[in-house]
1. Mind sorting out which of (1) 25, 17, 14; (2) 20, 19, 12; (3) 20, 16, 15 is the real semi-axes √(5λ) of the Cα gyration tensor in Å computed from the coordinates?
2. Quick check for you: with a 1.4 Å probe and neighbouring chains kept, what is the accessible area per residue of the chain, in Å²?
3. Quick one: what are the phi-derived ³J(HN,Hα) couplings along the stretch 43-58, Karplus 6.51/-1.76/1.60 with θ = phi - 60°, whole Hz, x for glycine and proline?
4. In nm, to one decimal, how far is the modelled label at Lys114 from the one at Tyr73, with both set 7 Å along Cα→Cβ?
5. Quick check for the chain: number of Lys pairs with alpha-carbon distance under 24 Å, counting only pairs 8 or more apart or on different chains?
6. Please report, in debye to the nearest 20, how large the charge dipole of the chain is about its Cα centre when each Lys and Arg carries +1 at its beta carbon and each Asp and Glu carries -1 there.
7. Could you work out the relative contact order of the stretch 6-66? I mean the mean sequence separation of Cα pairs under 8 Å and 6+ apart, divided by the number of residues, in percent.
8. Long-range amide H contacts for Thr36: which residues qualify at under 5 Å (H placed 1.01 Å from N, peptide plane, sequence gap of 5 or more or a different chain)?
Amino acid sequence: MNHQNGRKKLNLNAAHRRSMIRNQAILFIIEGTLVTTKARLKEVQRFTEKLVTLARQGNVFSVRRRAKALLPYKDEALDKLFTEIAPRYVNRAGGYTRVIPLPRRISDTAVVAKLEWVLA
């Protein structure tokens with residue numbers, strides 16, 4: 001049974017999965033788009049939506065420290081999140097990203113999609 005299991009395992013152990021999701025979220029915040037498999041994309045989307053909701057509270061020390069705990073690798077991603085991305089969505093009640101389906105990957109026929117920011 002798979003009751004009350006809200007996350008995909010992605011065939012990775014917990015530490016590797018957490019690290020991969022963090023790294024892809026950093027890439028998404030810096031670049032603005034992300035193309036990967038749909039299962040990974042959904043997990044990255046959940047993670048970044050929570051980060052933006054957190055960053056909407058403002059560039060306060062306590063909020064920034066909580067975000068730094070979630071994204072400990074790159075300070076430039078945090079700076080962009082707090083200065084450019086979060087202020088755009090202050091008046092939006094969620095749904096900061098969208099998933100655009102793409103054709104299947106040729107090499108292994110994996111379901112691929114693109115994640116991008118919704119323009120506010």
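1. Read-out taken from this structure: (1).
2. That works out to 64 Å² per residue.
3. For the stretch 43-58, the Karplus-derived couplings read 5, 5, 4, 4, 5, 6, 4, 5, 5, 5, 4, 5, 6, 5, 5, x Hz, x marking Gly and Pro.
4. Spacing of the two 7 Å Cα→Cβ label points: 2.3 nm.
5. So the count works out to 24.
6. Roughly 440 debye, rounded to the nearest 20.
7. Computed value for the stretch 6-66: 29 percent relative contact order.
8. Those qualifying (amide H under 5 Å, at least 5 residues apart or on another chain) are Ala113, Leu115.
The values are calculated or read from the model by the stated rules, or taken from the named source; none is laboratory data. Note that the structure is predicted; figures quoted are calculated from it, not measured. No Cβ is skipped: glycine too gets one built from the backbone with ideal geometry, and neighbour counts run over all protein chains shown. Keep in mind that these areas ignore ligands, DNA and RNA; they rest on the heavy atoms of the full protein, side chains included. Shrake-Rupley method; radii C 1.70, N 1.55, O 1.52, S 1.80 Å.
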